[in-house]
Each structure stands twice: as C-alpha cells, then as structure tokens.
Amino acid sequence: MKRIIRDTCILSSLMIFCVFVISIRWVGMTDEIRLVLLLFGLSFVIATANYFLDEYTSLSIIAGYAVKYIVATCIVMLFGFIVGWFYKSNFWMAFIYVGIVLILAYFIDAVKTKRDIEFINSRIKDKTT
Amino acid sequence: MRIEKRQVEGQPLTVIIEYPKWNESVDNLIKKIGRMDITFAGKSEEREVSISIRDIYYIENVERKLFLYTKDEVFRLNVSMPEIESRIYDTSLVRISRTCIMNTDYLKEIKQIKNSHLEAVMDNDEKLIVSRKYLSDIKKMFRKEGL
C-alpha cells in the first residue's frame, strides 16, 4: 500500500509538471499556474525555515510544532501580503491554513516516530536474543 | 564461499581472503572487512591512543571540541565532525543529533521521554539525546542490518 501511495505521488507530480510545462509553453502564465508556482515558492521558504529549526533547536515535539506554527504563520502572512492573497480584513485566515496543515503533520509525525522507535527496539531485541 | 576459522594465540586478528578471480564481490568483501578495522587517534592525559571503531560508544562535539567515548574512557579527537562522518560510512556508527554520533552496536533502547524528547540508552546505561530528524537514519541502519 505504501508503495502504491508513493508511486501515485511521484506519478501525479510528473503529470502536474508535464501539464504545467505544456500549458506555460502554449497558453502562457495563467492565474492557476501562477498560484501553483507561488505555492511551490512558499513551500520552499517554509521548508528552508523548518530545516534550520530542526538543525539548530532541540525542542520537544509539541514545542517544536508550536515554534513552527508561529514561524510558518508569519511567513504565510508576509508572503500572502506581498503576492496579494491577504488583506487587512482576512489576514487571520493564515492562522487557520497553517494550523490545519501543522495539526495533520503533527499527528503523522507522532505516529511515525512511535512506529520507528518500536521498529528499532524490536530489532535490538532480536539481536540480543 | 567456504569459511574457515582457527584460533592462533599471540597473533593479531588476521583475515585471509582467497579468491579464484578478482571480482566485485571480492572487492566489496574486502571493503566491508576494512571498514570494521577503522581506528581513530585519540588523546587522553597526554598519551596518544589508537581506538578501534568497535570500541567506540559515541563521539560528541562539546563547544567545538570532539570527544570520543568508549565503555569507560574518554578521549579527545583532533579531527573534524565532517571528517569523522566521511570515515564512518557503512559502519555501525550513525549521527543522532547535530553534535553526536552513536555506535548502534551498543544501543540498548530508544525511549520517548518527557516532553516527547527522544533518548538513546546505551548498554552501559549512558543516555544520549536523539534528534527526531535523525531517527529515520537510525531506523535505516537497523533495516540494513536485518537484510
């Protein structure tokens, strides 16, 4: 199942990439393409910030996600103001968007960490018995 | 492949490889054995000591100084962290945080402690902090060992 999901993600990424390249070549930069490219740009900035947070801080999972929430929200708000997604009346929406993404990421991370620990400990047990 | 072993007292551990023709498998085997015999030059109370990779429990960077820990001794290393990392490739040593490299051969358990921090307990009961970022690298190492 894991392999099917992984292959689906790879295939869909390739399809999006091909559709994008052909669309930009023949139709030009539409609003939809611009939006997706901006989302890629935003993801890159957030991923870079997360990388440095992971590398240079040693926080608990909850504290780590709290810091990431604040940093990512600030980035999304700033980015949103620059590219015109947010205005003074709706900037609070960034808190909701980032919150939902991070809550999902937190639960996936917590489950994955638990599974990884169980796997490592079971291998150590196998080795010693 | 035929494996022969015999005890020869008073001699260092010696591995002799006989092969009918040099090929990739022979090359890999020699490289693998070679990696088991990596040594680091450590310093302890002004004496220089050669420490085998098999005796290393962990290596830690404390205020830009590297220290190598065996079961009950500590040595100062005069190499950089990237240099160590390049030498431990495909061995049982793995990075567990920005400042620490651990030998998984002596790992007793990984625990999730208070505040969801991760802790590695070594077989001499020393405890090391594991960064979540490197947990998947430790897992990969055990997955590789299981093959």
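Just so it is clear, none of the values below were taken in a lab; they were calculated from the coordinates. Since the structure is predicted, the reported quantities are computational estimates derived from the model, not experimental observations. Cβ coordinates were reconstructed from backbone atoms using ideal geometry, including for glycine residues, and neighbour counts include every protein chain displayed.
Ranked by how many other Cβ atoms sit within 10 Å of their own Cβ, fewest first, the residues B:Arg6, A:Arg115 fall in the order B:Arg6, A:Arg115.
With the simple spin-label model, which puts each label point 7 Å out from Cα in the Cβ direction, the A:Phe107 to B:Asp125 separation comes to 4.1 nm. Here's the picture: charge each Lys and Arg Cβ at +1 and each Asp and Glu Cβ at -1 in chain B, and of B:Phe142, B:Met36, B:Leu13 the one pushed furthest to the positive end of that dipole is B:Phe142. When only the Cβ of Lys, Arg, Asp and Glu is charged (+1, +1, -1, -1), the dipole of chain B relative to its Cα centre reaches about 660 debye.
In terms of the mean number of neighbouring beta-carbon atoms within 10 Å, the peptides B:77-84, B:97-104 order highest first as B:97-104, B:77-84.
Rounded to two decimals, the Cα radius of gyration of the protein assembly as shown over 2.2 N^0.38 Å is 1.34.
At q = 0.12, 0.13, 0.21 Å⁻¹, what is the base-10 log of I(q)/I(0) for segment B:24-113 according to the Debye formula with one equal point scatterer per Cα and no solvent? Please give it to two decimals. With one equal scatterer per Cα and no solvent, log10 I(q)/I(0) is -0.39, -0.45, -1.05. About the centre of its Cα atoms, the protein assembly as shown shows a dipole size close to 760 debye [charges on the beta carbon of Lys, Arg (+1) and Asp, Glu (-1) only; nearest 20 debye].
For the residues of A:56-69, the average number of beta carbons from a partner chain within 10 Å of their own beta carbon is 3.
Calculated [222 nm] ellipticity per residue, helices only, for chain A: -30500 deg cm²/dmol; basis is -39500 (n - 2.57) per DSSP H run with n ≥ 4, divided by all residues, nearest 500.
If packing is taken as the average number of other Cβ atoms within 10 Å across a peptide's residues, how do A:34-41, B:106-113 rank, most packed first?
Packing proxy ranking, top to bottom: B:106-113, A:34-41.
The alpha carbon centroids of segment A:65-126 and segment B:89-147 are separated by 25 Å.
Exposure proxy shown here: for A:Ser23, B:Ser86, the number of other Cβ atoms within 10 Å sets the order, fewest to most, as B:Ser86, A:Ser23. Helix-only arithmetic for chain B: the sum of -39500 (n - 2.57) across DSSP H runs with n ≥ 4, divided by the residue total, places the mean residue ellipticity at 222 nm at -6000 deg cm²/dmol. Among A:Val21, A:Phe86, A:Thr8, whose Cα lies farthest out toward the positive end of the dipole of chain A, if unit charges sit on the beta carbon of Lys, Arg (+1) and Asp, Glu (-1)? Sorting the options by dipole projection puts first A:Thr8. Calculated FRET efficiency, A:Thr128 to A:Met93, Cβ-Cβ distance, R0 = 45 Å: about 0.30 to the nearest 0.05.
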